[in-house]
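Written out below as structure tokens is the structure these notes cover.
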Amino acid sequence: MAERNLSNDLLLAMLPLAPASFFVLFALAEEEKHGYRIMQDVRELSEGTFSLGPATLYTTIKKLTEQDLISELASAAEDRRRTYRLTSSGRRLLTAEFRRQEALLNLARSKGVVRFGGQK
Amino acid sequence: MNPVVRIYCCLFNWLLMFQSDDLIAHYGDDMRAIFREEIGRARSQGRSEVAKVWLDVLRETVVLLAPVWVARTNVVFAATCLASLLTIGSALGFCSLNAIPRVMACSKPEIAFQDKAQQSSEGSLVELPDGHHMFLECSGAASAKQTVILVTGRGLGTANSWSKVQQKVDPAIRVCSYDALGAGRSDRVEGNPQARPIDQVVADMHGLFQVARLTQPFVLVGASDGGLLSRKYQQKYPKEVAGLVFVDSSHEEMEWRDAAVAPQFDPNWNNPVFLRNNGFLPNHQKLTWSANIPLIDLERSEKAPASAFPGLTPEQVDAINVLWHDFQVDLSKRSNVGQLRVVSNSGHFMHVDQPGAVADAIRDVMQQI
């Protein structure tokens, strides 16, 4: 299926991402995954601070699919589980979100309001 | 499957029913499969993990469904408000779903009676000296020596509300109806036309009749508050008016007399501006007007039901109805040749329900002139 390439403006308008969308995209950044794997990886990526229930997971998957940020792969005959992958728009959006977070961290650093690691 | 897991799955399935049909149709099986896997993993890790899974499931059910519930509650709330408004509005006379017979004098903006023949008769816009245009529609013999004028500007509706009467009047009689300024096909005016002071409305009428060169003398026919308007006009221009027909007319003393039996009936009953602008008399002041000219007062036969006056006790409704009858008797005696006629099967909208009776009264007044 041909992917719609979302414009940068449209992507920027989606920022900041809601935690559920962010973690689902984050989990899929590595490789394509099925639903349960996404759920587990989100818990791991957030170090247990954020967990998705089945309904939240699939509500998010449905929304991201409709926005062309992720896409469903044609399932292999032997595996009934549906797998998902990031689209190029989804990847660009995730990158933009990380950049936004990075800029915020840099700002916090430059203002000296938060200290990270060995920073004085 | 383990019976405990089976129970868990049934519970989850039940919670899932609250989610949107769309989500269930697309991902129902996936969600159930994931829950089964997740609860299996949690059970192997101990009770606290199982509790955590359930907590997540319950939390997401609330979080996902709360906006839907709020939206639905809003729709129900909005529908309730609308229904209440319509009920209260129609009960108090601000709006109506059909013509409800009422004792209370109404100021109805417009009652549309579509009548092609009426629309195509001699209606035209007349320019007043102040530049406003008023719609005037006359029928019957143009050579007649008097003009019957169906009064609007207070009371019920526009020229259209008189169309049935105008059709029933003997063609030998010249009869005119018009739209007051701010209503129907006449020019708009600033503010609510029903709040236009009655003296100004009388001046508009006079200007219209002059410019349109209506043949004097006039017989004025006023329904509801239109009765007050007719009397005001006669008082100001007595030489122009040769006869009067009151159609279930209001009375100048009604605000304070009604308030005496039901103080909650009209909150404006003691508001001097409201009273002055609408031609009602202040507390305890009596009507001095009289005119010894042919006059017929038509009274409704059907009394207003208690349901027409929410907030009033049955005794108060009875008292209001008795007062209304007294008003009609009083008005009929304001002329030494006055008559009172109770029109059978009629309510407050007598000129719509029984136009023939109004046309008969017009004919009888004309014969006495």
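The values are calculated or read from the model by the stated rules, or taken from the named source; none is laboratory data. Nothing here was measured: the structure is a model prediction, and the numbers come from that model. Every residue, glycine as well, gets a Cβ built from its backbone with ideal geometry; the counts of neighbours run over all protein chains shown. Heads up: the accessible areas ignore ligands, DNA and RNA and are worked out on the full protein's heavy atoms, side chains in. Shrake-Rupley method; radii C 1.70, N 1.55, O 1.52, S 1.80 Å.
Numbers below:
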read-out: Residue-averaged beta-carbon neighbours from other chains (10 angstrom radius) around A:22-35; value: 1
read-out: Proximal charge balance of B:Phe35 [Cβ under 13 Å; K/R count +1, D/E count -1]; value: -1
read-out: The range B:3-92 - Rg and Dmax from Cα coordinates, angstrom; value: 19.8, 69
read-out: Dmax and Rg, reported as Rg then Dmax, of the range B:119-368 (C-alpha, Å); value: 17.5, 53
read-out: Relative contact order %, the range B:3-92, counting alpha carbon pairs below 8 Å whose residues are six or more apart; value: 27
read-out: Convex hull projection area averaged over all views, the protein assembly as shown, Cα basis, nm²; value: 40.3
read-out: For the range B:208-357, size of Cβ-based charge dipole, Lys and Arg +1, Asp and Glu -1, in debye; value: 700
read-out: Accessible surface buried upon A-B contact (total; probe 1.4 Å; Å², nearest 100); value: 1700
read-out: Chain B - mean residue ellipticity at 222 nm from DSSP helices (-39,500 (n - 2.57) per run, n ≥ 4, rounded to 500); value: -15000 deg cm²/dmol
read-out: Chain A - charge dipole about Cα centre, Lys and Arg +1 at Cβ, Asp and Glu -1, debye rounded to 20; value: 500
read-out: Mean residue ellipticity (222 nm) of chain A, computed from DSSP H runs ≥ 4 via -39,500 (n - 2.57), nearest 500; value: -17500 deg cm²/dmol
read-out: Listed residue (A:Leu15, A:Thr56, A:Thr87) projecting farthest to the positive dipole end of chain A, Cβ model; value: A:Leu15
read-out: Accessible-area ranking of A:Ser71, B:Ser124, B:Ser44, largest first, probe 1.4 Å; value: B:Ser44, B:Ser124, A:Ser71
read-out: Candidates A:Arg85, A:Arg109, A:Arg37, ranked by Gaussian network fluctuation over chain A, Cα under 10 Å, top entry; value: A:Arg109
read-out: 10 Å Cβ neighbours from other chains, averaged over peptide B:325-335; value: 0
read-out: Heavy-atom accessible area ranking, 1.4 Å probe, most first, across A:Glu47, A:Glu66; value: A:Glu47, A:Glu66
read-out: Sequence-distant aspartates and glutamates (8 or more away, or on other chains) whose Cα lies within less than 13 Å of B:Lys168; value: B:Asp353, B:Asp360
read-out: Solvent-accessible area per residue for the range B:119-368 (1.4 angstrom probe, square angstrom); value: 40
read-out: With eigenvalues of the C-alpha gyration tensor scaled by 5 and rooted, the range B:268-369, Å; value: 26, 21, 12
read-out: Most mobile listed residue (B:Gln235, B:Gln200, B:Gln45) in chain B, GNM with C-alpha springs under 10 Å; value: B:Gln45
read-out: Shielded by partner chains, the range B:33-50 residues - at least 50 Å² of accessible area, 1.4 Å probe, vs chain alone; value: B:Ile34, B:Glu37, B:Glu38
read-out: Cα-Cα over 31 Å, subset of B:Lys145/B:Lys236; B:Lys232/B:Lys303; B:Lys236/B:Lys333; B:Lys164/B:Lys232; B:Lys145/B:Lys286; value: B:Lys145/B:Lys286
read-out: Compactness of the range B:219-334, expressed as Rg and Dmax over alpha-carbon positions, Å; value: 14.4, 45
read-out: Carbon/sulfur fraction of accessible area - the protein assembly as shown, other protein chains in place, 1.4 Å, %; value: 56
read-out: Debye log10 I(q)/I(0) for the range B:122-189, one point scatterer per Cα, at q = 0.13, 0.24, 0.28 Å⁻¹; value: -0.35, -1.03, -1.22
read-out: Estimated vicinal HN-Hα couplings, Hz - the range B:15-21 in sequence order (Karplus 6.51, -1.76, 1.60; Gly, Pro = x); value: 5, 5, 4, 6, 6, 5, 4
